[in-house]
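The structure under discussion appears below in the form of structure tokens.
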Amino acid sequence: MPNSATLYLDLAVNGEASETLCAVLAAALDAAPVASLLIRPSTATDEKTLKALIALAQNRGIAALLPADVAGAAKLGADGVHVLWAPDVVQQFKSIRGGAGSGMIVGADAGRTRHDAMELGEGGADYVAFGVPAHVEDRARAAERQLGLVSWWSEVFEIPCVALNVSDTEQARRLAEAGADFVGVTISGNETASDAAMRVRAYSEAVSAPEDAK
């Protein structure tokens, strides 16, 4: 029976005006079911804008996450934090998990390392993600590796698995079939609201099992 997954929206903020960002995000969130929102702010993003983006998600029952700053996430009212991939991601995660309250979501991107993924899971991660870092040049090979990691994780572990940096809808479909619980779809504040909504809708269709196969 085909697997289905839910979308994990990944919003890249590049200094756009608050009104623009909110319009893009609202269109994306209304286009299809989304489980979680990761906001990646730029250094120019102010607290007012972040609070508005967080509220847009939470008003729709969607968890809003920020990158790896527990104090900042708590101050802004976010639901949790996401630890970005880095060579020391396990150490970063353990420090952040220890400082986060029990009600705060803490997930982390293990990249391509099974050992790190297992340590994150054992350390209490609410989800383990497998992404493709921007510096990776052979994207096709990385996509196949990601597919293998998701398949392995879903067969062995119960902790939810997120696939990030998903290049297109075909890869999204394959990841859902491999057992990803959540599949990432990236939108950017510098695109139009209609384009963002269209991408989210397309990814949602790709990761949803046909009704007659459920």
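For the reader, a short list of remarks on this structure follows.
- Test result for Arg145, out of contact with any strand residue (DSSP E or B) (no Cβ under 8 Å at 6 or more places or on another chain), in a helix (DSSP H, G or I) and surrounded by 21 or more Cβ atoms within 10 Å (Cβ to Cβ): no
- Options Ala68, Ala100, Ala108: the member that is within 13 Å of Gly124 (Cα to Cα), crowded, with 19+ Cβ neighbours inside 10 Å and at pLDDT below 95: Ala100
- Within region 77-90, being surrounded by 13 or more Cβ atoms within 10 Å (Cβ to Cβ) and either in contact with a Gly (Cβ under 6 Å, 6 or more places away or on another chain) or not β-branched (Val, Ile, Thr) (or both) holds for Ala78, Asp79, Gly80, His82, Leu84, Trp85, Ala86.
- Of the criteria (1) more than 30 Å from Ala23 (Cβ to Cβ); (2) assigned to a loop (DSSP other than H, G, I, E, B); (3) β-branched (Val, Ile, Thr), which one Val150 fails: (2)
- Remark: Ala57 matches the filter, which requires a residue to be at pLDDT 95 or above, surrounded by 22 or more Cβ atoms within 10 Å (Cβ to Cβ) and under 17 Å from Tyr8 (Cα atoms).
- Ala74 at positive phi and either surrounded by 15 or more Cβ atoms within 10 Å (Cβ to Cβ) or in contact with a helix residue (DSSP H, G or I) (Cβ under 6 Å, 6 or more places away or on another chain) (or both): no
- Whichever residue in region 112-142 is of a type in the set (Gly, Ala, Ser) and within 21 Å of Ala35 (Cα to Cα) and, among such residues, is surrounded by the fewest Cβ atoms within 10 Å (Cβ to Cβ): Gly124
The values are calculated or read from the model by the stated rules, or taken from the named source; none is laboratory data. No experiment lies behind these values; they were computed from the predicted model shown. Quick reminder, even Gly has a Cβ in these numbers, built from the backbone with ideal geometry, and neighbours come from all protein chains shown.
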